[in-house]
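Peer 1: Below is one structure. I have some questions about it.
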Amino acid sequence: FRNTPIEMVGEVPLQWNENIQLYEALFQGDKSNFFKYPFGSNPAAMNLISDAYTIEVYCQSESAKPTTQIRPVGFPNNYGAGLQMMANGEVGYSTATLGYNSAGSVTKKLWHKTKTGTLTDEYTHYLIVYDRKKNFSRLYINGTLASSHVVCSKEAIHFEWAPSEWFAIGGDASGVFSSASSTGAYPFNGKIAAVRIYGR
């Protein structure tokens, strides 16, 4: 999904990392410095990811045991997909599609976690894979299956387009895209070199 530019909010320092041959964005747990991308203004993209998607994140946590939860990427902070790291070294992921369910209530994030101590302070490749029709979601860490989950009814929702739905890099999305000036409660502390979203 590249038809709309990614926007920087605040100032996120960028630098070249010779070891991984990629530019990296530096995050220091500041909610006011992040990137944002609108999905709500792109119904074609939202239609694709309502059935299946993959979120790829290549990042490095500042610590294997952060002092609080940190989230390198996430849709709005009360629903949608996300990736998080916990103080005990667990890695969690959520794979709800965006929007509201048929009863009209917001679909909340449902976190699925790896074992304690999974998180490291090295660059790590994460893949969140969701398939509504096949009823599964999975988290791969460095190419190895780390967690899997049978999708429940709260995750297999009916998508409704809404202009406030967007995706944050450096934390959870918070508020409406057009006026968002900070992330949610758990801004990322570390480096992010790549984020990609696939509609499959």
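The values are calculated or read from the model by the stated rules, or taken from the named source; none is laboratory data. Computed from a prediction, not measured in an experiment: that's the story for all the values here. Because the Cβ atoms are built from the backbone with ideal geometry, glycine has one as well, and the counts that use them run over all protein chains shown. What goes into the accessible areas is simple: the full protein's heavy atoms, side chains included, and nothing from ligands, DNA or RNA. Shrake-Rupley method; radii C 1.70, N 1.55, O 1.52, S 1.80 Å.
Peer 1: Taking Thr4 as the residue in question, decide whether it is modelled with pLDDT of 95 or more, hydroxyl-bearing (Ser, Thr, Tyr) and outside any strand (DSSP E or B). Step through it out loud before you land on a result.
Peer 2: Details: modelled with pLDDT of 95 or more: no; hydroxyl-bearing (Ser, Thr, Tyr): yes; outside any strand (DSSP E or B): yes.
For Thr4, the condition - modelled with pLDDT of 95 or more, hydroxyl-bearing (Ser, Thr, Tyr) and outside any strand (DSSP E or B) - is not met.
Peer 1: For Thr107, work out the one condition from (1) modelled with pLDDT of 85 or more; (2) open to solvent by less than 50 Å² (accessible area, probe 1.4 Å) it doesn't fulfil.
Peer 2: Tallying (1) modelled with pLDDT of 85 or more; (2) open to solvent by less than 50 Å² (accessible area, probe 1.4 Å), Thr107 fails exactly one: (1).
Peer 1: Here is a follow-up. Among all residue pairs at least 6 apart or on different chains, which show Cβ distances below 8 Å where the first residue, located in segment 112-123, is more than 22 Å from Ala81 (Cα to Cα) and open to solvent by 70 Å² or more (accessible area, probe 1.4 Å) and the second is aromatic (Phe, Trp, Tyr) and assigned to a loop (DSSP other than H, G, I, E, B)?
Peer 2: Every condition considered, no pair remains.
Peer 1: For segment 131-174, list the strands (runs of 3 or more DSSP E) that sit wholly inside it and hold at least 1 residues that are surrounded by fewer than 16 Cβ atoms within 10 Å (Cβ to Cβ) and at pLDDT below 90; which are they? Explain how you work it out, then say what you get.
Peer 2: Details: elements: 136-141, 144-150, 166-169.
Because the criterion is at least 1 residues that are surrounded by fewer than 16 Cβ atoms within 10 Å (Cβ to Cβ) and at pLDDT below 90, the strands (runs of 3 or more DSSP E) in segment 131-174 that meet it are 144-150.
Peer 1: Given the conditions (1) at pLDDT 85 or above; (2) part of a loop (DSSP other than H, G, I, E, B); (3) open to solvent by less than 50 Å² (accessible area, probe 1.4 Å), which single one is not true for Thr68?
Peer 2: (3)
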